[in-house]
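Heads up: the structure comes next, in structure tokens.
The values are calculated or read from the model by the stated rules, or taken from the named source; none is laboratory data. For clarity, every value in this text was computed on a predicted model and none was experimentally measured. Quick reminder, even Gly has a Cβ in these numbers, built from the backbone with ideal geometry, and neighbours come from all protein chains shown. Only protein heavy atoms, including side chains, enter the accessible area calculation; ligands, DNA and RNA are left aside. Shrake-Rupley method; radii C 1.70, N 1.55, O 1.52, S 1.80 Å.
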Amino acid sequence: MKKILLICGILMLSSQAFAENVTVSDPSEVDLGNHKTECIYHNGEDTYSYVVKNGTCSYSKTFDSGDAE
């Protein structure tokens, strides 16, 4: 039983090692109407986007690397 728990713990820690954050700056903004703006960030390899309501896109934003489109 202890071996199974140890293996599960190691697997959980190793999967977290692959999680990575990416900070991207200088977005493109697309007006979607209804006071919504889509913020599109590119870093050369990946594209990240999100929608803001009643505001503008922040100059830089941090994303989980698994969220790339």
If we ask which residues in region 1-42 are surrounded by 10 or more Cβ atoms within 10 Å (Cβ to Cβ), more than 20 Å from the chain's Cα centre (by Cα) and at pLDDT 90 or above, their number turns out to be 2
Those residues of region 43-57 that are over 14 Å from the mean Cα position of the chain (by Cα) and either open to solvent by less than 70 Å² (accessible area, probe 1.4 Å) or under 13 Å from SER25 (Cα atoms) (or both) come to a total of 4
